[in-house]
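Report on the structure given below.
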Amino acid sequence: MHDVSGQRKLAYWLVLLAAGGTFALSMGSRQSMGLFLPGLNTSTGLGLGSISLAFAFGQLWWGLTQPIAGAIADRYGPGRVLVAGALLAALGTFITPYMTTTLGLIFAIGVVAAGGSGLAGPAVLVAATMRMIPAEKRGVATGIVNAAGSFGQFAVAPLAAFWIVALGWGNAMQAVGLIVLLALPAAWVLRGSGAPVRGAVTAPGEKPQGTRAAVAEAFRNRSYLLLTAGFFVCGFHVALLAIHLPGMVAACGLPPQWGGWALAMLGLFNIIGSLAVGWATQRWRMKSLLVLLYAARAVFVLAFLAAPKTGPVVLVFAAVMGLTYLATVPPTAGLVAKFFGPANMATLFGLVMLTHQIGAFVGTWLGGKVFEWTGAYDWAWYVDIVLAVGAALIHLPIREAPLVPVARPAVA
C-alpha cells in the first residue's frame, strides 16, 4: 500500500514536471519576443505599427488554436498535439529573421510560431494536469504549472538579451526558438487519451459529455460568460506588458538591458503570485481572488504612471505586476473545472483562452499604434486601468457554486 502511494506521488510530480517544463519553454520563448522588436524594426524598416500587427495577429491566432487543440486533446490525448506544437513554434521563430515584409512576419510569427505555441499552450497543459491530478490538489497543481511558465520567462528573457548583444538579434531569435524543442520528451509523459490516472477523483456514475453539448451548456451559463469576458482584460494587460514593456523602457532613455531584466522580474514574481494564488484557490472563493487581482493591477499601473521612470522604479513596477501577471489562470481554470468538471476542460478553457488572446491582440496592436500616434505609451496604460477596474466589477456577479447536471434519461 505504501509503495502504491509512493508511485502515485511520483506520477503526480512527473506530470507536473512535464506540463510545467513545456509551459516554461514555450512561455519563455514567446514572452521574450518583445526584445526583438528594435532589431526587426531596424532590419525591415516596416515601422513599429506594422511589426506590432504581426505580433498582434500572433496573439489572436494563439488564442484561436486553444479550443481547437483542446478539442483534439480531449478526444485523442495531448501527446501528438504537444509534439506538433513544439515543432511549429521552433520553426516559426527560426524563420522569422528571414522575413522582410509585413505578410512574411505575420506568417512566421503570427501563424506558424504562434500556432505552435497555442498547440502546446495552457488549454492543453492545464487540462492534462487536472485530469491526472486528484481534485483536492488541482488548484496547487495549476499554480505550479503556471509558475513554471513564469520561470521560463525569468530564465529565457535575460538569456535572449545576452544573445542579442553577443550573436546579433537574428541568431539570438533562432536560438530562442530552438529552445522549445527541449519540450518534446514531455509529450510522452502527457500522451494519455484523457482518462484520469489512478488516484484522480471523479464523480460516481459520471457520464462523459460530448464536446458540442459541453460548449452549448457553457454558453448558456452566465457565470462562464462573465468569466470569459473578464479574461479578455487579462489578455490585454499581459500582452501590453510582454510586448511593449521593453519599448517603454527604451522610450524612458534606459539601456536595453533594463528591458530584459524587467521581463525577467515579471516572470520571477509571477512564480510567487501563481503559487500563492494556486494555494489560495483551495481556501478562498476563486471569484474573490480574481476581483482582487484585477483591482490590484489598476492600482499598480496608476502608481507607476505617477512615479519617476528610473531603472529601479521600472524593476519594482515589473515585480508588482508579476505578482498578478498570470496569477489569474489558476482561479479562472479552477472555476471552469468547478462549473463543468474536467472531462471537456481543454475545450472549455481553450474558449476562455481565445477571449484572452482577443484581448492580447488588442493590447499588442493598440500599444504600437498609441506609441506611433503620441510618442509614448501613456494612453495605452490609461485604457488598461479602465479595463482592469471593469474586470474587477464583472466578476462580482459570478455564481461560484458548481452547476447541478441535468438528469439524462437512462437508455436501455
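Derivation of every value follows stated rules applied to the coordinates shown; laboratory data play no part. Small disclaimer: the values here were computed from a predicted structure and weren't measured. We place every Cβ from the backbone using ideal geometry, glycine too, and count neighbours over all the protein chains shown.
Annotation for region 221-253 versus region 54-85: alpha-carbon center distance of 20 Å.
Fewest-first ordering of K9, K287, K369 by other beta carbons within 10 Å of each residue's beta carbon gives K9, K369, K287. Averaging 1/r over every pair of different alpha carbons in the chain and inverting the result gives a Kirkwood radius of 21.1 Å.
For region 63-113, what does the alpha-carbon gyration tensor say about shape, rounded, prolate or oblate, given a ≥ b ≥ c as the root eigenvalues, a/c under 1.5 as rounded, and a/b over b/c as prolate? Judged from the Cα gyration tensor, region 63-113 comes out oblate (a/c at least 1.5, b/c at or above a/b). Once the Cα atoms are used to define both axes, helix 378-394 deviates from the longest principal axis of the chain by about 20 degrees. Sorted from longest to shortest, the spans of the Cα atoms of region 255-412 along the three principal axes equal 72, 33, 27 Å. Starting from the Cα gyration tensor of region 6-152, take the square roots of the eigenvalues, sort them a ≥ b ≥ c, and report rounded, prolate or oblate (rounded when a/c is under 1.5, otherwise prolate if a/b is larger than b/c, else oblate). Prolate is the answer for region 6-152, as a/c is 1.5 or above and a/b outweighs b/c.
Charge dipole of the chain (Cα centre as origin; +1 on each Lys and Arg Cβ, -1 on each Asp and Glu Cβ, all else neutral): 1060 debye, rounded to the nearest 20. Peptides 102-113, 353-364, 37-48, 268-279 ranked from most to least packed give 353-364, 268-279, 102-113, 37-48, packing being the mean of other C-beta atoms within 10 angstrom over each peptide's residues. Summing Lys and Arg as +1 and Asp and Glu as -1 over all other residues whose Cβ lies under 12 Å from the Cβ of L226 gives a net charge of +2. Using equal-weight Cα scatterers in the Debye expression, the normalised intensity of region 203-301 in log10 at q = 0.22 Å⁻¹ is -1.22. Considering the dipole of the chain built from charges on the beta carbon (Lys and Arg +1, Asp and Glu -1) around the Cα centre, which of W258, I95, A295 is farthest to its positive end? The residue sitting most towards the positive pole is A295. Have a look at Q31, L227, L181 and report the one farthest towards the positive end of the charge dipole of the chain, computed about the Cα centre with Cβ charges (Lys/Arg +1, Asp/Glu -1). Farthest towards the positive end: L227.
Taking neighbour counts of Cβ atoms within 10 Å as a proxy for exposure, in what order, fewest first, do D74, D378, D384 appear?
Sorted ascending by nearby Cβ count, the order is D378, D384, D74.
The distance between label points at A307 and Y76 comes to 4.8 nm (points 7 Å beyond Cα on the Cα→Cβ vector).
Phi angles of region 269-277 translate, via the Karplus equation with coefficients 6.51, -1.76, 1.60 and θ = phi - 60°, into HN-Hα couplings of 7, 6, 4, 5, x, 5, 5, 5, 6 Hz per residue; Gly and Pro are given as x.
With θ taken as phi - 60° and the Karplus curve 6.51 cos²θ - 1.76 cosθ + 1.60 applied, the whole-hertz 3J(HN,Hα) list for region 81-95 is 4, 5, 4, 4, x, 4, 5, 5, 4, 5, 5, x, 5, 5, 8 Hz, x standing for glycine and proline.
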